[in-house]
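Nothing in this text is a laboratory measurement; each read-out follows from the coordinates by a stated rule. As the structure is a computational prediction, the values presented were derived from the model and not from experiment. Here the Cβ positions follow ideal geometry from the backbone for every residue, glycine too, while neighbour counts run over all protein chains shown.
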Amino acid sequence: MEIIQCPICKRTDATQKQCPEGRDSSKVHCPNCSTYEISGTAFVTQSNKSQNTRLSFAIRERTTNGKEYVKINSENYKQLTEGIDYPITIKEKAELVLKIVFKDEKAFIHGFDLNDTNRVISNIESADEMAKVIRLMDGKEWFDMTRDSKGGTLLSVIGKGKEYAGSILFPTLNSDQIFVAMSLNEELAGVYEEGIKKALDECRLTPCRIERREFNAEITSKILDGITKSRFLIADFTGHILQ
């Protein structure tokens, strides 16, 4: 394994390992792009091009949490960059930077150096756009910022940033609504009123229970909406028959 410049994002601390003999490809691990396999031809082609922000972001999105094993060749660039939910606006890109720093334990503790090489993690396409993202974050007071002589900015999450990151990553964290899923059988009315609802009332929490018996598209939508807006879900399986 050798240290190389990533052919996609141009970061200089990526590593490369040749695939088993007989395959004209290598496995690259890049802190920006994540891990991917790339053919020899594609490696040369991308190395001779400028930083490919879109492809870098697409690879990272596809491989996060082991969702997909990416193989890059000279014919599938377009396919790899399709179907990705790219952040478009300056606000979306700034929020993604905040979420990335907030979730990364090392960056959260020691700060994150946003610079012209690693800006690709948030689909920031140029130094000018990065400056706009930094100005927006500075105005929101999400980070304590320290600028360096090389054009990078060290970001350390502070109070407002922690609070906002929590609100967008865990939108129901402060909700007082609790969704209750249980049979509408009248025999269980006492269980709900004297047990579940009474306990929630004492905890100053608001139960959400769909009362209508008809099962249709409208009810399904209401159930999903209720669950989405609830902090927790209580499920009572009394009377439920396993298939």
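Cβ crowding within 10 Å ranks M137, M182, M1 as M1, M182, M137, fewest other Cβ atoms first. Note on segment 90-169: Cα-only Rg and Dmax are 11.2, 34 Å. The mean sequence separation of alpha-carbon pairs under 8 Å and at least six residues apart, normalised by the residue count of the chain, gives a relative contact order of 13 percent. Under a 10 Å cutoff between Cα atoms, tell me which one of S47, S221, S230 has the largest fluctuation in the Gaussian network model of the chain. In this elastic network of the chain, the residue with the biggest mean-square fluctuation among S47, S221, S230 is S221.
Among the listed values (1) 41; (2) 35; (3) 54, the one computed from these coordinates for percent of Cα pairs over 27 Å apart is (3). Only helices enter this figure: runs of n ≥ 4 DSSP H residues, each worth -39500 (n - 2.57), summed and divided by the residues of the chain, yield -10500 deg cm²/dmol at 222 nm to the nearest 500. Taking Cα atoms only, the orientation of helix 159-169 departs from the longest principal axis of the chain by about 70 degrees.
Helix 127-140 and the longest principal axis of the C-alpha atoms of the chain enclose an angle of approximately 40°.
Only Cα pairs within less than 10 Å get springs; with that Gaussian network setup on the chain, which residue of P207, P31, P20 has the largest fluctuation? Taking springs between Cα atoms under 10 Å, the residue moving most is P20. For K17, the aspartates and glutamates whose Cα falls under 16 Å of its own Cα, not counting residues fewer than eight places away in the same chain, are E2, E37. For the pair I88 and S183, the difference between a 0.36 nm per residue extended length and the Cα-Cα distance amounts to 29.8 nm.
Taken over the Cα atoms of segment 2-81, the convex hull encloses 86 Å³ per residue. Just the number, please: Stokes-Einstein D of segment 177-235 in µm²/s, Kirkwood Rh from C-alpha pairs, 10 °C, 1.306 mPa s. Result for D is 133 µm²/s. Taking all Cα pairs closer than 8 Å and separated by 6 or more residues, the relative contact order of segment 18-149 comes to 22 percent.
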